[in-house]
Amino acid sequence: MNWWPSGGFKAPMRAVAIAVGCVAVLLVLITISPLQRIFDAVREDERVAASLGINVTGIRILGFALGAAVAAVAGSLYGHYMSFVRPESFDVLLSIYVVLYVVLGGVNNMLGPVVGAVVMTLLPEYIRELADWRPTVFGLAVLIMLLFKPNGLLSFRAVTERYRRPTKSATSGSLEQQSTPGTAP
């Protein structure tokens, strides 16, 4: 099996597809696992999460390590594709665009950053005819999106395993049938 094309050392599309697929499977598994709820608890309020027995420092380190692993896969594929990496390739403007992808797409689900990246990539192309006014119109469009959809274009939360399965107490009877402590049924 020939993984490398005959013209150089660029990463072939099969390797890129396998790497992207592995990262996507990892992210989906995290989303449907209890670890997602632990991440949400630490994000919302560290003190409450710590009072529930969650090791906040360990969870933050785990989140940082998972993010670094995804960035390492992306960086290695980029390095293979470009065959040369230099610091000027990653300037402040690129970082601002990446943050805008996530914020405009929505931060509570995995499809949000993808939608944000598509919108932020296609929007400047649609307003290309405006020439000198293009940066101004682009900035106004981003501002309007943030004003009308502050949580992103896809602002719904991903459904976790907790909400898919009915709990035992929810299926055993309604609230009227269950007795409260200290009262007779």
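The numbers here are math on the coordinates, done by the rules we state, and not lab data. Model, not experiment: these values are computed from the prediction. Every residue, glycine among them, receives a Cβ derived from its backbone with ideal geometry; neighbour counts consider all protein chains shown.
What is the calculated FRET efficiency for N151 to S89, with r their C-beta to C-beta distance and R₀ = 30 Å, to the nearest 0.05? After rounding, the FRET efficiency stands at 0.45. Which of the three applies to segment 1-147, rounded, prolate or oblate, going by the alpha-carbon gyration tensor with a ≥ b ≥ c and a/c under 1.5 meaning rounded? In terms of gyration-tensor shape, oblate. Given axes a ≥ b ≥ c from the Cα gyration tensor, I'd like to know whether segment 64-160 is rounded (a/c under 1.5), prolate (a/b larger than b/c) or oblate. Taking the square roots of the gyration eigenvalues as a ≥ b ≥ c, segment 64-160 is oblate.
Given their separation in residues at 0.36 nm each and the Cα-Cα distance between them, A50 and V20 gain 7.4 nm when the chain is fully extended. Near the amide H of L153, within less than 5 Å, lie the amide hydrogens of G105, G106, all on another chain or at least 5 residues away, with H placed in the peptide plane.
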